[in-house]
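Have a look at the structure below, then the notes.
The values are calculated or read from the model by the stated rules, or taken from the named source; none is laboratory data. Predicted model only: the values in this text are computed from it and were never measured. Cβ placement follows ideal geometry from the backbone for every residue including glycine, while neighbour counts extend to all protein chains displayed. Please note that ligands, DNA and RNA were not included when accessible areas were found on the heavy atoms of the full protein model with its side chains. Shrake-Rupley method; radii C 1.70, N 1.55, O 1.52, S 1.80 Å.
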Amino acid sequence: MDRTSQWVSSPDIPADLLIRIADDVFPLHKAVMAPKCGYIRKAVAAARGGATATVELDLSALPGGADAFDKAARYCYGANFEISVRNAAALLCAAVFLDMHPADGGLARRVEEFLAKVGLRTLPAAVAVLRSCEGLLPVAEEIGVAQRSADAIALRICNEVLFPTRSPPEWWTPELAALSPASFHKVITALRCRRAEPEVLVAAATAYAELLLAEVLAADGHAADHSGMHRALVESVVAVLPSTDDAPLPAAFLCRIFHVAVTIGASAKTCLDLELRVAAVLDQATAGDLLIVALDGAGERVQNVDTVRRIITAFVEREAASAGGVKGRSRRASLSGAGALQGGGGAMQTVAKTVDEVAAEMATEESLPISKFVGLAGAVPKEARATHDCLYRAVDIYLKAHPALEEMEREKVCSVMDPLKLSYQGRLHASQNKRLPLQAVLSALYYDKLKLRSGDANGDGGGWDAYGNGVMRSSARKQASLARENEALRSEVARMRAYVSGMQQSKGTTGKKAGMASLWLRTLSRLNPFKASMWAKDTWSIVDRKTHSAKPKRRRFSIS
């Protein structure tokens, strides 16, 4: 009688109602509990043994447990008890379960008044009520107290954004860290229903994830004892983040979460979700952000190159689909007399520059195979780059870090770039770069030579600008230097031809040696990059107005 001695006016009245909740037993009186509790009244009426028999009931399924029933029993006995933001939801659920809401009032009505006047009037109080609902599911959702709490939180956040009452303005974001991912999802849904600005959703999501995953981000996925717990936490947080269409989250934040998810071995669904999220905001990412995703858990070696390539590919496909839609609208607009639309070009060029920087950083990895380097650098189309100087830098770094590559392998590495789209400085460096394959060097030299001749023929004396987009005036010194370099190359080829001819005349030019010399001459002639060369696919449009080719004479051969 310890818990009920203060409720009964006379301790001599024996208890005739025993309520069991788990390990707790409440000896009560049917005459006190039945009038104010419909559930107990029906149970007593259905019990056998007469009105004086003791009735035992098991209420282990009661929401809120023994604490909630203790206050409900105090209410029935008229004793004082406290309603707070931490027990209001439990009392309301217990009152509904016990049917303690008669028409003239009851425990449920008293709790409702508390919520309306105190519990849901401020943001911290509403957060506390919603947090207390997490252990009362699904009853708290069925009676609507969880949704009311989430709506109250969303309303207070919107009001705080419009009319700040504290400093700093986003003081409310740490308050949400006390919620579980499921409760936070309710708040995000309520904010979306209230047409909250994307900045509000981004601030709420980033602050919530940073605070809730602070231990995981600090451990960087290396806490082996809690890897399972961390994995479940990361997966649950990623699942409740707002969609990209509603609120594009910062790229740096997503890359950090993605790195942790890959390190701790999150599910394929979570990793795919993060890949698409990063791809949607890839134009906002820096080379350092993508390197975070590519590095291993220790942050020392490049490990996830394929993951970065998939992110870039997803971005390119997204931009291609968007450009296709814009192109269709542009065509309809042009038919109606409107101007053409442009879409996605700036974002694609930004991503191309970032990818080139990432490729240059990864090129120093000695264990990076050629296929992965080419797949990463070639994930962005060549035409997306205004100039290939940054890509040439990445290729040069890779060749320098892998000096044992053969000629064919170096040509495969260089296949990701177009020497004809290098700036003047880039072509000048490439013409003197011994690490490049011969075809790339010759392409750069001959292209400059033809551009110089074309400029002289047009009377502008210009050369290509730093972006490879148009012709600008260059100094006479640069033109003279380029002319000397090309003349030296042509003289070297002519000298080698004369040397071979001299060898033929001095040794009688036997059949075998003549065949070898002819084969050598044919091989040397193939060095011209404008004869079916992989580096000269775009040089057909360059017209040399000073050179003329004579038709070969037809000769008749006879046997006399």
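Please verify whether the stretch 111-123 includes one or more residues that are more than 30 Å from the chain's Cα centre (by Cα), acidic (Asp, Glu) and surrounded by fewer than 23 Cβ atoms within 10 Å (Cβ to Cβ). Within the stretch 111-123 (the criterion being more than 30 Å from the chain's Cα centre (by Cα), acidic (Asp, Glu) and surrounded by fewer than 23 Cβ atoms within 10 Å (Cβ to Cβ)), the answer is yes, since at least one residue qualifies.
Of everything in the stretch 277-290 that's over 15 Å from residue 322 (Cα atoms) and in contact with a helix residue (DSSP H, G or I) (Cβ under 6 Å, 6 or more places away or on another chain), which residue is surrounded by the most Cβ atoms within 10 Å (Cβ to Cβ)? Checked the stretch 277-290; the qualifying residue surrounded by the most Cβ atoms within 10 Å (Cβ to Cβ) is 278. Taking interchain pairs and intrachain pairs at least six residues apart, which have beta carbon atoms under 9 angstrom, with the first residue in the stretch 184-197 and farther than 14 Å from residue 148 by Cα and the second open to solvent by 40 Å² or more (accessible area, probe 1.4 Å) and β-branched (Val, Ile, Thr)? Note: pairs meeting the criteria are 196/161; 197/161.
Residue pairs whose Cβ atoms lie under 6 Å apart, sitting 6 or more positions apart in sequence or on different chains, and linking a residue in the stretch 418-441 that is farther than 18 Å from residue 356 by Cα and open to solvent by 60 Å² or more (accessible area, probe 1.4 Å) to a partner that is modelled with pLDDT of 80 or more and hydrophobic (A, V, I, L, M, F, W, C), are 435/399. Within the set 200, 216, the sole residue that is farther than 23 Å from residue 260 by Cα, of a type in the set (Val, Ile, Thr), crowded, with 17+ Cβ neighbours inside 10 Å and at pLDDT below 95 turns out to be 200. When each of 206, 165 is tested for being open to solvent by 20 Å² or more (accessible area, probe 1.4 Å) and either in a helix (DSSP H, G or I) or touching a residue at least 12 places away in the same chain (Cβ under 8 Å) (or both), the lone residue that passes is 206. Residues that are assigned to a loop (DSSP other than H, G, I, E, B), over 23 Å from residue 361 (Cα atoms) and touching a Leu at 6+ places or on another chain (Cβ under 7 Å) are absent from the stretch 270-281 altogether.
For the stretch 15-59, filtering for residues that are modelled with pLDDT of 80 or more, in a loop (DSSP other than H, G, I, E, B), surrounded by fewer than 12 Cβ atoms within 10 Å (Cβ to Cβ) and not aliphatic (A, V, I, L, M) leaves 1.
Applying a threshold of 9 Å to beta carbon distances and a minimum spacing of six or more residues, or different chains, the list of pairs starting in the stretch 131-147 at a residue that is closer than 20 Å to residue 116 by Cα and ending at one that is open to solvent by 80 Å² or more (accessible area, probe 1.4 Å) and of a type outside the set (S, T, N, Q) reads 131/86; 132/86; 133/141; 146/137; 147/141.
One line per residue, one yes/no per condition, for (1) surrounded by fewer than 18 Cβ atoms within 10 Å (Cβ to Cβ); (2) outside any loop (DSSP other than H, G, I, E, B); (3) at pLDDT 85 or above:
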| site | (1), (2), (3) |
| --- | --- |
| 374 | no, yes, yes |
| 383 | yes, yes, yes |
| 399 | no, yes, yes |
| 445 | no, yes, no |
| 448 | no, yes, no |
| 456 | yes, yes, no |
